[in-house]
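Here the structure comes first, spelled out in structure tokens, and everything after it is commentary.
The values are calculated or read from the model by the stated rules, or taken from the named source; none is laboratory data. The shown structure was predicted, so the numbers you read here are calculated from the model rather than taken from an experiment. Using ideal geometry, Cβ is built from the backbone for each residue, glycine included, and neighbour counts are taken over all protein chains shown.
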């Protein structure tokens, strides 16, 4: 395998833009942004260039904290950030194209958070009028 | 000043087998801006990983998409194997490479047919799809499935391919390659094909890189990035060069795919005689504890699989970043300034797979 070693850099939310800008200055392209729901939210920004595959990681304690958008640096990040907003309920500050929750049309808001997965026991149906 | 009009494109449109919607802001006949929306068929497969056993989930991963199904299954398994530190048998690595290339060929040939159909060249559509049937026959013979291979498995592959069958495949491929030559010659030389594709939907090298384009969209704009060079499966033992075109238009993206089909023939010539003897899978015990980002080259471009486990049978997180999703921002750039009549062809040249994007 010639795959580059994957490096993780953990930063505080207020240092995120600086870390991302450092990636841009090295000529990296944005590969993806991944959100994982743990106790809080773990955001992983992946960047690649020849011979390198780096991840910048930031922990967000809860969804009341607004995450700085990296779209002023990587304009294509709007797709990932709108996706994370719609599936996880996180909000981004300074998003260049903000769909305001209409990027994905899901019947449940933020379905990746706190929603029982398919096949889990459903809450008892009380009917349309709560009877 | 010309009037601006917003024209809805999709979610149902003749060139779109799957639903995606674009609001096209038009000035006269030119597109000023395109605003996409998704989610018409969002399936929540990533969420499902929290419930399924990680080995069972391979079947779900293969069903993310019907065209690149094998590479989805293989990429998922590769990510799990990396977390668990599994070194799968050599024979499995070579057979994975064979199926990945067969997958690429049938996907590109399907797309080339669809592109012909999109600009009204029905004969090209039928010719490409007729030849593609031969590839599907090989896939069926070796894996048992024509669309969903069902061959991926954590720790190797689910089904071995007999050596006598492997020995027969080069002759079948040679026949398919010979049948394909005259069709791709038409594609390269026909006046009407060039008129519809050359200079249309241009994406500069800088925009392609900065906007995160992947696969033939990126390489069609002159950027030599191909994840196969990282040497996963048996790619570290075959010769692979990124296929690059420099014009960045619809024609360049089509040429990349045509040349990649021929490249796959060459890769298979290196793979098939060298498949080593031995087992095709290994016993897998325990559960994934850790995380890994796996990168593979699907027919549509680089795909990312992220798995995170904490020693349980169910994963804490599974994520796929599909090539179509990455190619949406570049698509919006390509559409700016184009003629309204060219929109369907430009959209098609990113080879959109909404099934993948709506995993």
Any chance residue A:56 is in contact with a helix residue (DSSP H, G or I) (Cβ under 6 Å, 6 or more places away or on another chain), crowded, with 18+ Cβ neighbours inside 10 Å and more than 10 Å from chain B (Cβ to nearest Cβ): yes
Residue in region B:61-79 that is closer than 30 Å to residue B:339 by Cβ, crowded, with 19+ Cβ neighbours inside 10 Å and in contact with a helix residue (DSSP H, G or I) (Cβ under 8 Å, 6 or more places away or on another chain) present: yes
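Determine, yes or no, whether residue B:46 is outside any loop (DSSP other than H, G, I, E, B) and either farther than 24 Å from residue A:36 by Cβ or touching a strand residue (DSSP E or B) at 6+ places or on another chain (Cβ under 7 Å) (or both). Can you show your working first?
Details: outside any loop (DSSP other than H, G, I, E, B): yes; either farther than 24 Å from residue A:36 by Cβ or touching a strand residue (DSSP E or B) at 6+ places or on another chain (Cβ under 7 Å) (or both): yes.
So residue B:46 passes the test.
Let's see how each residue does on (1) loosely packed, with under 15 Cβ neighbours inside 10 Å; (2) within 11 Å of another protein chain (Cβ to nearest Cβ); (3) modelled with pLDDT of 90 or more:
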site: A:46; (1), (2), (3): no, yes, yes
site: A:67; (1), (2), (3): no, no, yes
site: A:82; (1), (2), (3): no, yes, yes
site: A:95; (1), (2), (3): no, no, no
site: A:107; (1), (2), (3): yes, yes, no
site: A:111; (1), (2), (3): no, yes, no
site: A:122; (1), (2), (3): yes, no, no
site: A:128; (1), (2), (3): yes, no, no
Region A:1-36, subset touching a residue at least 12 places away in the same chain (Cβ under 8 Å), closer than 30 Å to residue B:238 by Cβ and at the interface with chain B (Cβ under 9 Å from one of its Cβ atoms), residue surrounded by the fewest Cβ atoms within 10 Å (Cβ to Cβ): A:27
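Of the residues B:38, B:59, which is more than 25 Å from residue B:286 (Cα to Cα) and out of contact with any strand residue (DSSP E or B) (no Cβ under 7 Å at 6 or more places or on another chain)? Give the steps one after another, and end with the answer.
Working: B:59 fails: more than 25 Å from residue B:286 (Cα to Cα).
Among B:38, B:59, only B:38 is more than 25 Å from residue B:286 (Cα to Cα) and out of contact with any strand residue (DSSP E or B) (no Cβ under 7 Å at 6 or more places or on another chain).
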Count of region B:196-231 residues which are modelled with pLDDT under 90 and buried (at least 24 other Cβ atoms within 10 Å of the Cβ): 0
Odd one out for residue A:63 among (1) more than 10 Å from chain B (Cβ to nearest Cβ); (2) in contact with a helix residue (DSSP H, G or I) (Cβ under 7 Å, 6 or more places away or on another chain): (2)
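Anything in region B:2-33 that is part of a loop (DSSP other than H, G, I, E, B), away from every other protein chain (no Cβ under 14 Å) and either more than 28 Å from residue B:306 (Cβ to Cβ) or in contact with a strand residue (DSSP E or B) (Cβ under 6 Å, 6 or more places away or on another chain) (or both)? List them, or say none. Break it down stepwise before answering.
From region B:2-33, those part of a loop (DSSP other than H, G, I, E, B) are B:2-3, B:10-12, B:14-15, B:17-20, B:28-29; that's our starting set.
Keeping just the survivors that are away from every other protein chain (no Cβ under 14 Å) gives B:2-3, B:12, B:14-15, B:17-18, B:28-29.
Within region B:2-33, B:2, B:3, B:12, B:14, B:15, B:28, B:29 qualify.
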Restricting region B:84-115 to residues that are in contact with a helix residue (DSSP H, G or I) (Cβ under 6 Å, 6 or more places away or on another chain) and free of Cβ contacts under 8 Å to residues at least 40 places away in the same chain, the residue that is nearest to residue B:140 (Cα to Cα): B:106
Pairs with Cβ under 9 Å, 6+ apart, first in region B:293-313 and more than 22 Å from residue A:54 (Cβ to Cβ) and within 11 Å of chain A (Cβ to nearest Cβ), second surrounded by fewer than 23 Cβ atoms within 10 Å (Cβ to Cβ) and modelled with pLDDT under 95: B:310/B:287; B:310/B:289; B:310/B:290; B:310/B:316
Residue selected from region B:34-59 under the condition within 14 Å of chain A (Cβ to nearest Cβ), closer than 21 Å to residue B:159 by Cβ and surrounded by fewer than 19 Cβ atoms within 10 Å (Cβ to Cβ), by the criterion nearest to the chain's Cα centre (by Cα): B:56
Output for region B:86-103, where each listed residue is touching a strand residue (DSSP E or B) at 6+ places or on another chain (Cβ under 6 Å) and crowded, with 23+ Cβ neighbours inside 10 Å: B:92, B:95
